[in-house]
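Note sheet for the following structure.
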Amino acid sequence: MGACLDMTKQVLVVTGGSTGIGAAVARMAAARGYAVGLSYRTGRARARQVVADIRAAGGQAMAVAADSADAAQTEAFFSEVDRALGPVTALVNNAGITGPVAKLDEITPTELDEVLAINVRGCFIALRQAILRMATDLGGAGGSVVNVSSRAAAIGGANEWVHYAASKGAVDSFTIGAAKELAARGIRVNAVNPGLIDTGIHAKAGMPDRVERLRPMIPMGRAGSADEVARVILWLLSDEASYVTGALVPVGGGR
């Protein structure tokens, strides 16, 4: 069971770790003993704050500017984490964008390309770097990967984010296929599918009222928090989930 590692040797990479779910994962993982390397594309000050918070609490962390859709930048990011913190043993593939709020006929090919580049290509690029470091047949010690998908993959995102939903459907497929392919190589691969989560993603997309507007549609009657998603991710990364791979775990309050 190659994914069962000594926690003192756990080094976690979090893509898109400066805000929202990624930042919550970084802080929570560090509190549980992981050394954390996080990437960011534009949120330099926020990423530095996450690192400062972790270090102030006695943990190890570093932040590296890297566009998740750029293979060379992502490879350099992983290499910097290797050098500074040790061999990468876990990955949270969190970097992603929604793209504009639009109906299908309003989405331009350029906008679609950007969403697919970050959400799909970026997922593949980071996963590939993780495999090169973790796979037991390549000399690695095994490891665990959690892809951050979305309930939109199942719901469809009609009239808002069909392009985003489609990209997360691809992430789900990556997760299922990779889990089957990598199980014998010591790597577990799972995904979380957050539903309505109260982060800045809604305001950034131009819908600051979205959480309150959609709240009545949630069986539990409220939006979730980034910390609630992070706790599920940390469980999937841990040895408590040692026989779990290929799972798509909804974190959506019943929706």
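Derivation of every value follows stated rules applied to the coordinates shown; laboratory data play no part. The model shown is predicted, which means the values in this text are computed figures rather than measured ones. For neighbour counting, all protein chains shown are included, and Cβ atoms are generated from backbone atoms with ideal geometry for every residue, glycine included.
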Excluding residues fewer than 8 places away in the same chain, name every one of the lysines whose C-alpha is closer than 28 Å to that of K103. K168, K204
Can you tell me how much longer the chain between E106 and S79 gets when fully stretched, taken as 0.36 nm per residue apart minus their C-alpha distance, in nm with one decimal? 5.7 nm
Per-residue Cβ neighbour rank within 10 angstrom, fewest leading, D70, D105: D105, D70
Just how large is the dipole of the chain about the Cα centre, in debye to the nearest 20, putting +1 at every Lys and Arg Cβ and -1 at every Asp and Glu Cβ? 440
Using the number of other C-beta atoms within 10 angstrom as an exposure proxy, rank T89, T108 with the fewest first. T108, T89
First select every other residue whose beta carbon is under 12 angstrom from the beta carbon of G246; then total the charges, Lys and Arg +1, Asp and Glu -1. 0
Per the charge dipole of the chain (beta-carbon charges, Lys/Arg positive, Asp/Glu negative, Cα centre), the residue among I176, A152, G142 reaching farthest to the positive end is G142
If I stretch the segment between D137 and Q49 completely, what's the gain in nm (0.36 nm per residue apart, minus their alpha carbon distance), one decimal? 27.9 nm
Percentage of interatomic Cα-Cα distances in the chain larger than 21 Å: 55
Take R210, R215 and order them by how many other Cβ atoms sit within 10 Å, fewest up front. R215, R210
Residues other than V145 with Cβ under 14 Å of its Cβ, Lys/Arg counted +1 and Asp/Glu -1, net out at +3
Once R215 and N159 are pulled to full extension, the length gained, defined as 0.36 nm per residue separation minus their Cα-Cα distance, is 18.4 nm
Reach of K180 by Cα under 18 Å, taken over aspartates and glutamates that are not fewer than 8 positions away in the same chain: D137, D172
Which distance in nm do the two modelled labels at A56 and E228 give, with both placed 7 Å along the Cα-to-Cβ direction? 2.7
Would you compute, from DSSP H runs of 4+ residues alone, the mean residue ellipticity of the chain at 222 nm, taking -39500 (n - 2.57) per run and dividing by the full residue count, rounded to the nearest 500? -12500 deg cm²/dmol
Inter-part gap, Cα centre of the stretch 94-133 to Cα centre of the stretch 152-225, in whole angstrom, is 13
Net charge over other residues, Cβ less than 12 angstrom from the Cβ of A154 (K, R count +1; D, E count -1): +2
